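J.: Encoded as structure tokens, here's the structure I'll be asking about.
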Amino acid sequence: MKSINLDIINRVKKDILTLQGFKTLPADNTVRIGIPTIEANFPNAVFPTGCMHEFISQTIEDAAATNAFVAALSGRLMQFGGACAWISATRTLFPSALKRFGLEPHQIIFIDLQKEKEVLFAMEEALKCNRLTTVIAEVKDVDFKMSRRFQLATEKSRVTGFILRHQPRTANTIACVSRWRISSIASEPQAGMPGVGFPRWNVALQKVRNGIPGNWQIEWAGNSFADVTKQDSKIISMPLLKVG
Amino acid sequence: MQKRFVAIWFRHLKTDWLIKRQPQLAQTAFALALQDHGRLRITEVSAIAKAKGIYAGMVAADAKVLVPGIQIVDDQENLSAGLLEKMGHWSIRFTPVAAVDFPDGLILDVSGCAHLWGGEETYLKDMLNRFKKLGYHTRVAIADTIGTAWAISRYGRVKAIIGTGEQAASITPLPPAALRLPAEVTERLHKLGLYQVGSFMNMQRSVLRRRFGKELLLRLNQALGLEEEIITPLCPVEPWQERLPCMEPITTRKGIEAALEQLLQQLCSRMQRNGIGIRKAVLNCYRVDDDIQTVSVETNHASLNGSHLFKLFELEISLLKPGWGIELFVLEAVKTEDVKPVQETFFTLNSSLQSRELAELLDNLAARFGNAAINRYLPAEHHLPEKSLQLASSLDEQPSIAWPSGKVRPIHLLREPQQIEVTAPIPDYPPMNFRYKGKLHTVKKADACERIEAEWWIARGLHRDYYVVEDEEGKRYWLFRLGHYDEQVKPGWFIHGFFE
């Protein structure tokens, strides 16, 4: 009797996730981002696509790290082809560098606008277009209402949206599945080699809906992610936060 | 532009054609004849038969008496019409607008064509030679009006090229028949002793009309260029245009939208049949007070989607000032492109740049923020980072070279490199520390330098030695030194980018 109840509860849980816009496709059909330790913290152990992710950065160096991490994520999502829109009013991204993160620079459409407001408008329009795989927008501030509209658009079109907030006035809560902070940390060259090693980031998943937040050190090892978290700084045990 | 017309007269159209088919006829006197009221009447005669006094309209039996050896060939009813049409299509090589001038000529609108042959003289010579090679005897003339060109080609004796504005002088000595008049009018003119056009050309118009009818005035005006004459081209130049005249002037937005929707639907369905899509469309609104209001839209992809184009136009409609009302809408596709037929699919697994939905999204954004807002980059063959990209011209354009993968480039590139203060060992080592925006960064790790030469074949400048460095906080930067070390001129150090 008890096991039946547990089955029912699990099924209902899955149904709720589906209703909340989380993919519950069979494992072989989903796109893996290639960091099992992070993916384990997401509901169903799958990186949520078709929803919004928020990234916050304060310094210009961290903004660069965030851009690279997001580019690498999009590259994983677009590994079977696709298109990406990069919307910004203050773009300093250098397209040639994207090649290193598994993105074909000519597959990306850059939409360079003048005002933040225009970026928000373009973002919403782009999120409605289901022929795009990912939409990345650089904005400073988004209000909750606008982010809700983004979330609704992505749920319909199954596009994955990334909002990169550089030096936001307030880190207000917006309707996103997750909030990340990426900052670069010292690289470690291969044993016995001089110079600068592979890019390394401290990836802090601060909020995640129906998942467990965490902190990892991730390296982009040429063409895939690698978890280089030191044992002592592994997952900080945190109570389940209610976010979103 | 000044209009120019060429009139071509085939002097022996049918006989020339027959000689071409049966070369042995060339040496004999022969005539074409047709049954008419129970007897054979001659319709056309060959050059030799003509010299022996045979003329068209003679009864064949009479001709046989006059020239005993004459050969009578059966004529066909629609022979000359068919031949002329064929010749008209053939002469599309000279001009796109060619028309048949029944029964024995062609009219070509050659405005702006002659210069391609190096002038009108060589143009006409080429025309004559080509017809001669085909076996036809022709006479050609070029003038500002169809009437004058026709008259000179049939009756002119002095020159075939009538300059601009010389119509009156050139037709003065010609007989009245040169004006393409009905036989009875010419006859009457002759009866009155008016043997030349010049003798009645300057008479009072009302007098001429009363005596000879409207036809004479019309033909005279057409020859002089006072009245426009229209020809029907064999291959009509069909523009991608739709018109919608309105019963009553339209002043409301709703009305304009309804008109636009109808026009778009008509134009799109017509263009779809021809496999052509719209890149740029212009809507001209003709107002009752003779004003023309114009709006236009552009697309990224050749589009045939009426509702999408309508959406683009919707943003522009507010720019229209209907004033007292619009009485005519004309929608024209100014720029067109072939559309690649796309097979309908039930679902698409992979999204891609070539999809219609994406192109429409970009159109919408471009309509709102301008075309400059949308950029796509392709690699360019330059080493300097700021020159290593070029903008793609369309969504379909693919890179002609591979993206450079061996060189490390920062994810953030500053528009302008910014000068920094460094402490660096000489001559060729990365800096030990540098100060950027007031903050001191101590370099912990650095990669060997990458030297990028200035492109001396484009512009002068010093080479740059780029270093990837990492500071004590683990942040990575792209620095460069401009030029060599020099005692007098200290080299400048710059920051050009941020690594991830």
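The values are calculated or read from the model by the stated rules, or taken from the named source; none is laboratory data. Every value quoted in this text rests on a predicted model; they were computed, and no experiment measured them. With ideal geometry, Cβ positions are generated from the backbone for all residues, glycine too; neighbour counts draw on all protein chains shown. Each accessible area value is taken on the protein alone, full model and side chains, heavy atoms only, with ligands, DNA and RNA left out. Shrake-Rupley method; radii C 1.70, N 1.55, O 1.52, S 1.80 Å.
J.: Find out how many positive minus negative residues lie around B:Glu357, taking Lys and Arg as positive, Asp and Glu as negative, among other residues whose Cβ is under 12 Å from that of B:Glu357. Walk me through the numbers on the way to the answer.
T.: Values: positive: A:Lys128, A:Arg131, B:Arg356; negative: A:Glu125, B:Glu360, B:Asp363.
After counting each charged neighbour, the total is 0.
J.: If you line up the long axis of helix B:356-369 against the longest principal axis of chain B, both from Cα atoms, how many degrees apart are they, to the nearest 10?
T.: Around 80 degrees separate the two axes.
J.: Using only alpha carbon pairs under 8 Å that are at least six residues apart, calculate the relative contact order of region B:39-139 and give it in whole percent. Walk me through the numbers before you get to the answer.
T.: On the way: 78 pairs, mean separation 13.9, N = 101.
Reported as a whole number, the value is 14 percent.
J.: Scan chain B and report its longest stretch carrying no trypsin sites (Lys or Arg not before Pro) that are both in a DSSP loop and have at most 10 other Cβ atoms within 10 Å.
T.: Numbers: sites that count: B:Arg157, B:Lys437, B:Arg460.
Longest gap between qualifying sites, sites excluded: B:158-436.
J.: To continue, here is another question. Between B:Thr442 and B:Ile401, what length comes free when the chain is fully extended (0.36 nm per residue of separation minus the Cα-Cα distance, one decimal in nm)? Please list the in-between numbers first.
T.: Values: separation 41, 0.36 × 41 = 14.76 nm, distance 3.86 nm.
Gain on extension, B:Thr442 to B:Ile401, equals 10.9 nm.
J.: Students often forget the sequence filter, so: which lysines lie under 21 Å Cα-Cα from A:Lys115 once same-chain residues fewer than 8 apart are removed?
T.: Leaving aside lysines fewer than 8 places away in the same chain, those within reach of A:Lys115 are A:Lys128, A:Lys140, A:Lys145.
J.: Starting from the 7 Å offset along Cα-to-Cβ, what nm value, one decimal, do you get for the label separation of B:Glu166 and B:Leu319?
T.: For the pair B:Glu166/B:Leu319, the computed spacing is 4.8 nm.
J.: Oh, and also: Can you tell me how region A:147-193 classifies by the Cα gyration tensor, rounded, prolate or oblate, using a/c under 1.5 as the rounded cut? Before the final figure, lay out the partial values.
T.: Numbers: a/c = 4.71, a/b = 2.03, b/c = 2.32.
In terms of gyration-tensor shape, oblate.
J.: Still on this structure: I'd like the distance between the alpha-carbon centres of region B:1-65 and region B:247-301, rounded to an integer number of Å.
T.: Region B:1-65 and region B:247-301 have Cα centres separated by 53 Å.
J.: Could I ask something else about it? How high is the relative contact order of region B:241-366, given as a whole-number percent (alpha carbon pairs under 8 Å, six or more residues apart)?
T.: Details: 212 pairs, mean separation 45.6, N = 126.
Once divided by the residue count of region B:241-366, the mean separation gives 36 percent.
J.: Full-extension gain between B:His115 and B:Val334, please, as 0.36 nm times their residue separation minus the C-alpha to C-alpha distance. Walk me through the intermediate numbers first.
T.: Values: separation 219, 0.36 × 219 = 78.84 nm, distance 2.60 nm.
Using 0.36 nm per residue and subtracting the Cα-Cα distance, I get 76.2 nm.
J.: Do any of A:Lys14/A:Lys99; B:Lys191/B:Lys214; A:Lys156/A:Lys207 go past 25 Å between their Cα atoms, and which?
T.: Details: A:Lys14/A:Lys99 37 Å; B:Lys191/B:Lys214 19 Å; A:Lys156/A:Lys207 23 Å.
Cα-Cα > 25 Å for A:Lys14/A:Lys99; rest within.
J.: Translational D (Stokes-Einstein, µm²/s) of chain B at 37 °C and 0.692 mPa s when Rh comes from the Kirkwood sum over C-alpha pairs?
T.: Values: Rh = 31.0 Å.
D = 106 µm²/s.
J.: Add +1 for every Lys or Arg and -1 for every Asp or Glu among the other residues with Cβ under 11 Å from the Cβ of A:Ala171, and state the total.
T.: +3
J.: Return one number: the angle in degrees, 0 to 90 and rounded to the nearest 10, between the long axis of the Cα atoms of helix B:146-155 and the longest principal axis of the Cα atoms of chain B.
T.: 50
J.: State whether region A:127-166 is rounded, prolate or oblate according to the following rule on the C-alpha gyration tensor (a ≥ b ≥ c being the square roots of its eigenvalues): a/c under 1.5 gives rounded; otherwise a/b larger than b/c gives prolate, and the remaining case gives oblate. If you can, show how the numbers build up before the last one.
T.: Values: a/c = 3.27, a/b = 1.43, b/c = 2.29.
Oblate.
J.: While we're looking at this one, here's another question. Compute, for B:Asp486, the solvent-accessible surface of its heavy atoms (probe 1.4 Å) with the complete set of protein chains present, and express it in square angstrom to the nearest 10.
T.: For B:Asp486, solvent-accessible area is about 70 Å².
J.: Short version: ³J(HN,Hα) in whole Hz for each residue of region B:470-482, in order, from phi by Karplus 6.51 cos²θ - 1.76 cosθ + 1.60 (θ = phi - 60°), x for Gly and Pro, what are they?
T.: 10, 9, 5, 8, x, 8, 10, 10, 10, 10, 8, 10, 8
J.: Grab the other residues whose beta carbon is less than 12 angstrom from that of B:Ser405, score K and R as +1, D and E as -1, and report the net. Walk me through the intermediate numbers first.
T.: Details: positive: A:Lys99, A:Arg100, B:Lys407, B:Arg409; negative: A:Glu104.
Combined, the nearby Lys, Arg, Asp and Glu give +3.
J.: How much accessible area per residue does the protein assembly as shown have, in Å², with a 1.4 Å probe? Don't jump to the answer; show the numbers that get you there.
T.: Working: 37910 Å² over 744 residues.
Result: 51 Å² of accessible area for each residue.
J.: If you count only protein heavy atoms and use a 1.4 Å probe, how large is the accessible surface of A:Val46, to the nearest 10 Å²?
T.: Here the accessible area works out near 20 Å².
J.: From the Cα gyration tensor of region A:2-233, with a ≥ b ≥ c the square roots of its eigenvalues, which class applies: rounded if a/c is under 1.5, or else prolate if a/b is larger than b/c, or else oblate? Please list the in-between numbers first.
T.: On the way: a/c = 1.58, a/b = 1.11, b/c = 1.42.
Oblate, since a/c reaches 1.5 and b/c is not below a/b.
J.: Take every Cα pair under 8 Å in chain B that's 6+ residues apart, average their separations, divide by the length, and report that relative contact order as a whole percent.
T.: 9
J.: Note the buried accessible area between A and B here, summed over both chains, with a 1.4 Å probe, in Å² to the nearest 100.
T.: 4400
J.: Would you list, by chain and number, the lysines whose Cα falls below 26 Å from the Cα of B:Lys132, excluding same-chain residues fewer than 8 positions away?
T.: B:Lys14, B:Lys20, B:Lys50, B:Lys52, B:Lys86, B:Lys159
J.: Round to a whole number: what % of the accessible area of the protein assembly as shown belongs to carbon and sulfur, probe 1.4 Å?
T.: Numbers: 20300 of 37910 Å².
Carbon-and-sulfur percentage of accessible area, whole number: 54.
J.: What are the ³J(HN,Hα) values, in whole Hz, obtained from phi via the Karplus relation 6.51 cos²θ - 1.76 cosθ + 1.60 with θ = phi - 60°, for each residue of region A:68-84 in sequence order, with x given for Gly and Pro?
T.: Residue by residue, region A:68-84 yields 5, 5, 5, 4, 5, 4, 4, x, 5, 5, 9, 5, 9, x, x, 9, 9 Hz.
J.: How far is it, in nm, from the label point at B:Ser394 to the one at B:Gln488 when both lie 7 Å from their Cα along the line to the Cβ?
T.: About 5.5 nm separates the two model spin labels.
J.: Might you work out the accessible area of A:Asp7 for me, using a 1.4 Å probe with all protein chains in place, and round it to the nearest 10 Å²?
T.: Its accessible surface works out to 100 Å², give or take rounding.
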